[in-house]
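Written below as structure tokens is the structure these notes are about.
Bear in mind that the values in this text are calculations on the coordinates, not laboratory data. Computed from a predicted model, the values in this text were never measured in an experiment. Cβ sites come from the backbone with ideal geometry, for glycine too, and all protein chains shown count toward neighbours.
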Amino acid sequence: MKLMRPQGNQYLQIIIYEATKKDRKMFSLIRFIIGGILSIFELFRLFNPNLLKSGKIKGIFTETKPFEAGFSQHYDKYLKDKVMTFEKERILALKKSRRNFFISLPLMLLFPFVLVNINWFNLFGDNTLHFLIFIVLAFYGGIFLFITMSMTLYQDSIKTDIFPNILNFFGSFSYHPETTKSAGAYSYSELIPKFSRETSEDHITGSYKGVQIDLFETELEQVRRSNKNTYYVTVFDGIIITLSMNKEFKGKTIVRKDGGLLGNWFKNTFSSLENVKLEDPNFEKIFEVFSDDQIEARYLLTVTFMERLNELASVFGGKNIQCCFFKNELLFVLPLKKNMFEPGSIYEPEDFVDDSKSLLEELNLIFSIVDTLKLNTKLNL
């Protein structure tokens, strides 16, 4: 098995991609089991004697950055009254989960005895081990879902009730936990990897200075086959952002982080596009640019825009950001290390101040890109 030097939190991802087919399956199983064990250990926090006591909640939004101006009043009007209501719901959800744990405990203790007292080999023959693994995972997985059901419902209610009230600060913006958006619609960019299935969620839409903003999270998986077995490998997990306007770019321009040796391979995939040399040598070391309109590409890719591009990746907690200017859209494709729009830990009191600050910063940076490129005005090339 060939190993690469890990970077950041993508250690397991790198190993899985570089391993043989057999090794990939083994590592996927190990990662699944480890994740399950960690989730089970997390449930022991339900027995913290202080857990069901309501914590101290300030419920005060302090404006510390220019783009937060005016939000303290918005917070007091639309969010502050919800804080104590959700705190009561949080405590209730934890009580229900603790109760469900004790309801499930006899079954969890009895199940191993059932397993060892049945002659499984007579039932399944040579496939006994596979069936036993499936039965154990299905049983304890079902128990885990039963115990955590109330906590999941509580966190879902934050996404449906709190996040929209944060976003309505911007007027025309809306948030939807689920979406029918598909990454396949952006295949024209040549930045979307081939995939067999996708899971998309957390859809934000709105308008800023006449530019339509569309953002959603998606996970793309590609089917792999080994002998008689079929499994899926994640090829992309992150966010897709599109800025659409009532004007069109003359050509097609693609920007990505410089991939070193891999950059040569990537360049060959854009046979219709030519490499663009950037004016700033520092950004030349960071980004690779390809376009069929050299003049327009240099007009668009200013030092200020490149700085915004780096900031966008940093604020969203990702790297290897890529973007594409084509027709009337500017597309951003950004792999992430974690899900963006998820509530904080249910084991801690929540006043939604941190959630508000994160969303404000993320959208403000997108607005700054619109302003930097003057996307709301006609291109003068």
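Relative contact order, whole percent, for the stretch 48-373 stands at 18, derived from Cα pairs under 8 Å and 6 or more residues apart. Summarised as an ellipsoid, the stretch 48-373 has semi-axes of 42, 32, 15 Å, derived from the eigenvalues of the Cα gyration tensor scaled by 5 and square-rooted, with the largest first.
Quick one: 3J(HN,Hα) in Hz for the stretch 108-115, Karplus 6.51/-1.76/1.60 with θ = phi - 60°, rounded, Gly and Pro as x. Taking θ as phi minus 60°, the curve returns 5, 6, 7, 4, x, 5, 5, 4 Hz for the stretch 108-115. In this structure the amide hydrogen of VAL235, modeled in the peptide plane, comes within under 5 Å of the amide hydrogens of LEU220, GLU221, GLN222, none closer than 5 places in sequence on its chain. Per-residue extension of 0.36 nm, minus the Cα-Cα distance of LYS285 and ASN227, leaves a gain of 16.6 nm for this segment.
A simple packing score, the average count of other Cβ atoms within 10 Å per residue, orders the peptides 301-308, 247-254 as 247-254, 301-308, with the highest score first. Shown in residue order for the stretch 137-149 are the 3J(HN,Hα) couplings computed by the Karplus curve 6.51 cos²θ - 1.76 cosθ + 1.60 at θ = phi - 60°: 5, 5, 5, 6, x, x, 4, 4, 5, 5, 5, 8, 4 Hz (x for Gly and Pro). Here is the P(r) of the stretch 270-381: all C-alpha pair distances, binned every 5 Å from 0, give 2, 9, 18, 21, 18, 12, 8, 5, 4, 2, 1, 0 in whole percents. For the stretch 198-210, putting each phi into the Karplus relation 6.51 cos²θ - 1.76 cosθ + 1.60 with θ = phi - 60° gives couplings of 9, 10, 10, 7, 6, 9, 10, 10, x, 9, 9, 6, x Hz, in residue order, rounded to whole numbers and with x for Gly and Pro. Shown is the FRET efficiency for ASP292 and GLU63, computed with R0 = 35 Å from the Cβ-Cβ distance and rounded to the nearest 0.05: 0.20.
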